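In what follows, a structure is listed as structure tokens, so that the remarks can point back to it.
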Amino acid sequence: PRGKVTTYQELANTLNSKAYRVVGSAMRCNLNAPIVSCHRVVKSNSKVGNYSGVGGIKKKIQMLKKEGVEVVDGKVDLKKYLHRFNS
């Protein structure tokens, strides 16, 4: 949801998979960004990660900030902003 992020690992776990990198590959192939909100998926170490949409990582950070997600030094506070699907 807006104002929240999830991680590649969290998405994979939701799909009962350990294939975190496959989730990242799927996000990279997303032709409908930002309509399909792959900008809300970050690394499990809290780093924003890459963004293959127009504008790259700077655009990803801009979109997250616009939604109210604070990004400091390329990282997101997962304790504050993480959305879990299985909770």
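Numbers at a glance
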{"read-out": "Residues satisfying the stated conditions in the stretch 59-77, i.e. under 13 Å from the mean Cα position of the chain (by Cα) and either in a strand (DSSP E or B) or among the small types (Gly, Ala, Ser) (or both)", "value": "Val71, Gly74, Lys75, Val76"}
{"read-out": "Residue within the stretch 62-71 that is touching a residue at least 24 places away in the same chain (Cβ under 8 Å) and either touching a Ser or Thr at 6+ places or on another chain (Cβ under 7 Å) or of a type in the set (S, T, N, Q) (or both) present", "value": "no"}
{"read-out": "In the stretch 72-87, the residues that are free of Cβ contacts under 8 Å to residues at least 12 places away in the same chain and either touching a Phe, Trp or Tyr at 6+ places or on another chain (Cβ under 9 Å) or of a type in the set (Gly, Ala, Ser) (or both)", "value": "Ser87"}
{"read-out": "First in the stretch 11-24 and without any contact (Cβ under 8 Å) to a residue 12 or more places away in the chain, second anywhere and aliphatic (A, V, I, L, M) and assigned to a loop (DSSP other than H, G, I, E, B), Cβ under 7 Å, 6 or more apart", "value": "Ala12/Ala19"}
{"read-out": "Output for the stretch 28-50, where each listed residue is under 14 Å from Val5 (Cα atoms), among the hydrophobic types (A, V, I, L, M, F, W, C) and either without any contact (Cβ under 8 Å) to a residue 24 or more places away in the chain or not in a loop (DSSP other than H, G, I, E, B) (or both)", "value": "Val36, Cys38, Val41, Val42"}
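Where a number appears in this text, it was derived from the coordinates with a stated rule and is not lab data. Note that the structure is a prediction, hence the values are computed from the model and not measured. Reconstructed Cβ throughout: ideal geometry from the backbone, glycine too, with neighbour counts over all protein chains shown.
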